[in-house]
Amino acid sequence: MTTLLEPPAALRRGRDLVSPELFEKVSEFCAQEYGHELSTAHRIVDQALAFLKVMGDTRAFDMTPSDAVDPGWHSFVLHTQAYAAWCEEQFGFFLGHEPKATVRTRPLIGSVVDRVRAAGFHVDDRLWGAAKNCNPPACCGDGDGC
């Protein structure tokens with residue numbers, strides 16, 4: 001008897017929520033504005049887009065990005081016309097950004113990571129402070145204990 005296993009479903013990517021041109025434009029801005037290598041900016045913007053999609057779809061306004069992911073949101077929102085059009089297309093409303101509206105804590109960031117992952121998105125644990133190789137008391141992410 002042979003058991004056929006179904007291949008795992010491909011994880012969604014935040015970058016696929018916008019055109020390749022817009023993704024590059026926002027990523028290049030993020031790299032320049034925040035001093036990141038372009039490859040790192042690509043990862044940051046990808047995670048920010050996934051985060052925004054989950055927050056907007058679920059209207060979970062208690063969510064907050066990690067310190068590492070937040071520049072991706074900033075970079076996108078500063079492209080105001082594209083960001084506003086994307087919000088309208090995705091959610092039917094503008095998803096505003098209130099700096100420091102929520103205090104980042106390990107439990108909150110963990111909850112956000114769980115929600116993004118549950119929505120089927122790839123999660124870059126290193127950008128969320130959720131990497132498995134984290135060894136406290138070294139800083140492993142945002143919030144308490146770092």
**Fill in**
Requiring at least 2 residues that are closer than 21 Å to ASP124 by Cα and modelled with pLDDT of 95 or more, the helices (runs of 4 or more DSSP H) wholly within the stretch 1-113 are 20-34, 38-58, 70-77
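To keep it simple, each residue is scored yes or no on (1) surrounded by fewer than 20 Cβ atoms within 10 Å (Cβ to Cβ); (2) aliphatic (A, V, I, L, M); (3) farther than 16 Å from LEU17 by Cβ.
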residue: GLU28; (1), (2), (3): yes, no, yes
residue: THR40; (1), (2), (3): yes, no, yes
residue: ASP46; (1), (2), (3): no, no, no
residue: ALA60; (1), (2), (3): yes, yes, yes
residue: CYS87; (1), (2), (3): yes, no, no
residue: GLY96; (1), (2), (3): yes, no, yes
residue: ASP114; (1), (2), (3): yes, no, yes
**Message:** Which pairs turn up if I take residues in the stretch 101-127 that are farther than 17 Å from LEU11 by Cα and polar (S, T, N, Q) and look for partners that are surrounded by 16 or more Cβ atoms within 10 Å (Cβ to Cβ) and at pLDDT below 95 with beta carbon separation below 6 Å, at least 6 apart in sequence or on another chain?
**Reply:** THR102/THR64; THR105/GLY143
**Request:** Hey, can you tell me all the residues within the stretch 28-71 that are without any contact (Cβ under 8 Å) to a residue 24 or more places away in the chain and within 9 Å of the chain's Cα centre (by Cα)?
**Result:** ASP70
**Asked** Can you name the residue in the stretch 116-146 that is at pLDDT below 90 and aliphatic (A, V, I, L, M) and is also surrounded by the fewest Cβ atoms within 10 Å (Cβ to Cβ) among such residues?
**Response** ALA138
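The values are calculated or read from the model by the stated rules, or taken from the named source; none is laboratory data. Please read these numbers as outputs of a predicted model, since none were measured by experiment. So basically every Cβ, Gly included, is an ideal-geometry build from the backbone, and we count neighbours across all protein chains shown.
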